[in-house]
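All of the numbers you see were taken from the coordinates with simple rules; none came from a lab. What you see is a predicted model, and the numbers here were worked out from it, not measured in a lab. So basically every Cβ, Gly included, is an ideal-geometry build from the backbone, and we count neighbours across all protein chains shown.
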Amino acid sequence: DGGITQSPKYLFRKEGQNVTLSCEQNLNHDAMYWYRQDPGQGLRLIYYSQIVNDFQKGDIAEGYSVSREKKESFPLTVTSAQKNPTAFYLCASSRTADYGYTFGSGTRLTVV
Amino acid sequence: AQSVTQPDIHITVSEGASLELRCNYSYGATPYLFWYVQSPGQGLQLLLKYFSGDTLVQGIKGFEAEFKRSQSSFNLRKPSVHWSDAAEYFCAVGHGGSQGNLIFGKGTKLSVKP
């Protein structure tokens, strides 16, 4: 079955370390997205990519970086510059936005 | 600017009672509207979507939503709530096309009393 896979489900990081969250989809979707979710704040867009080798900053891109070298993959790196990285991170993909997004099951990142 | 408002942060209903979750949007053109549901620690699942046509749309799990242009609303309803419906619900709006991104409301948490 087609879907979108995020790994790992739980991730612990020491302060000052970079960490990369994986997102892979086999839906043949062109667009992919990264959201951050904090309690009571809904979903905030970090980065999105409409096509391979191209991506744009979302509302809260500072302290994050992405790459889109393959259509299927859109990894997110949380850098040491991100001041409050502890959160639930969601990856999504879509054919186009009007068809809605398919979400992964999320990665919970905790800085220790 | 485009925006989505879900006025209710938390709603509690009794099992078997009816449910209505409110969503209001601010958008300049004809919107594409969505409702998603999220169980704790999980991703979001699409419940239903509206693009055009019949303003009453049916979704999965017995949910429906009605688009009311005059009120800029897209409220989600269910006639009889089950305990398994306890989750967080998100409304989203977009304008479609390859350059469009969805804008999400902040969510409404639904609790179900036995």
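Okay, here's what the table says:
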{"item": "Positive-pole candidate from A:VAL66, A:ASN84, A:PRO39, dipole of the protein assembly as shown, charges at beta carbon", "result": "A:ASN84"}
{"item": "Mean Cα-pair separation over length for region A:1-108, i.e. relative contact order, pairs under 8 Å, 6 or more apart, %", "result": "33 percent"}
{"item": "Centroid-to-centroid separation of region A:9-80 and region B:1-33 [C-alpha atoms, Å]", "result": "27 Å"}
{"item": "Neighbourhood charge, 9 Å Cβ-Cβ cut-off, centred on A:TYR89 and excluding it, Lys, Arg +1 and Asp, Glu -1", "result": "+2"}
{"item": "Violating pairs (Cα-Cα greater than 30 angstrom) within the set A:LYS9/A:LYS57; B:LYS68/B:LYS109; A:LYS9/B:LYS68; A:LYS9/A:LYS71; A:LYS83/B:LYS78; A:LYS71/B:LYS109", "result": "A:LYS9/B:LYS68; A:LYS83/B:LYS78; A:LYS71/B:LYS109"}
{"item": "Sequence-separation-based contact order of region B:1-49, relative, with Cα cut under 8 Å and 6+ spacing, percent", "result": "32 percent"}
{"item": "For chain B: relative contact order, % (alpha-carbon pairs under 8 angstrom, 6 or more apart)", "result": "37 percent"}
{"item": "Computed FRET value (nearest 0.05) for B:PHE51 with B:SER80, which takes r as the C-beta separation and R₀ as 22 Å", "result": "0.20"}
{"item": "Net +/- balance of residues flanking B:SER3 in space, Cβ distance below 15 Å, scoring K and R +1, D and E -1", "result": "+2"}
{"item": "Local net charge near B:GLY107, Cβ-Cβ under 13 Å (Lys/Arg +1, Asp/Glu -1)", "result": "+1"}
{"item": "Sparse-neighbour loop sites [GluC sites (Glu not before Pro); region A:54-112; at most 12 other C-beta within 10 Å; DSSP]", "result": "A:GLU62, A:GLU69"}
